[in-house]
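Peer 1: Handing you this structure, nothing more for now.
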Amino acid sequence: MNLKIKYFLFFGLISLFFASCSFSIKPIYNKQDIATADELVKKYHQLLNEENYEELYKLTDEHARATKSKDAFMQLMTQIRGQFGKVQGSSRLDAKAIPQAAATQVEAIYHTKYEKEEIKEKFVLIVAGKNAGIFSYEIIQ
């Protein structure tokens, strides 16, 4: 093999290696979007304590509302409130912001102390500027 071709291949592979290292896709830790998500989770816990499920439903993202009926949502919130009681405190354990086309998806995990039990909650929130909505909610046992 020609020496020029060997050098070309060698330097081409080295360049490709360094380019792949600099273009990895990782979550971005956008402080503003995470702060907006924190405020929304705080509001969620407040409304859950007040048993104001109507306003809680309004906090959900429009795409989430399209997949779950209002009645099913109300039943779920009633069940969560009945099983765990009032929220006594909550702190974020982890959060990551993942840019999407028109908004940012924030995945956040909270340690929440309820009257009856302490649990971990995972929220997936959609943040678009000042607008935010809860896309999904999961209790991690």
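Nothing in this text is a laboratory measurement; each read-out follows from the coordinates by a stated rule. Everything numeric in this text was worked out from a predicted model, so none of it was measured. We place every Cβ from the backbone using ideal geometry, glycine too, and count neighbours over all the protein chains shown.
Peer 1: Output ³J(HN,Hα) for the range 134-139: one whole-Hz value per residue in order, computed from phi by the Karplus curve 6.51 cos²θ - 1.76 cosθ + 1.60 with θ = phi - 60°, and x for Gly and Pro.
Peer 2: Going residue by residue, I get 7, 8, 8, 9, 9, 8 Hz, with x marking Gly and Pro.
Peer 1: Ile140 versus Ser91, label points 7 Å from Cα toward the beta carbon: distance in nm?
Peer 2: With each label placed 7 Å out from Cα toward Cβ, I get 1.6 nm.
Peer 1: Let me ask you something else. Can you tell me the order of 67-77, 130-140 when each peptide is scored by its average per-residue count of other Cβ atoms within 10 angstrom, highest first?
Peer 2: Top of the packing list down: 130-140, 67-77.
Peer 1: Report the gain in length on full extension from Leu59 to Phe73: 0.36 nm times residue separation, minus Cα-Cα distance, nm rounded to one decimal.
Peer 2: Numbers: separation 14, 0.36 × 14 = 5.04 nm, distance 1.16 nm.
Contour length minus the Cα-Cα distance gives 3.9 nm.
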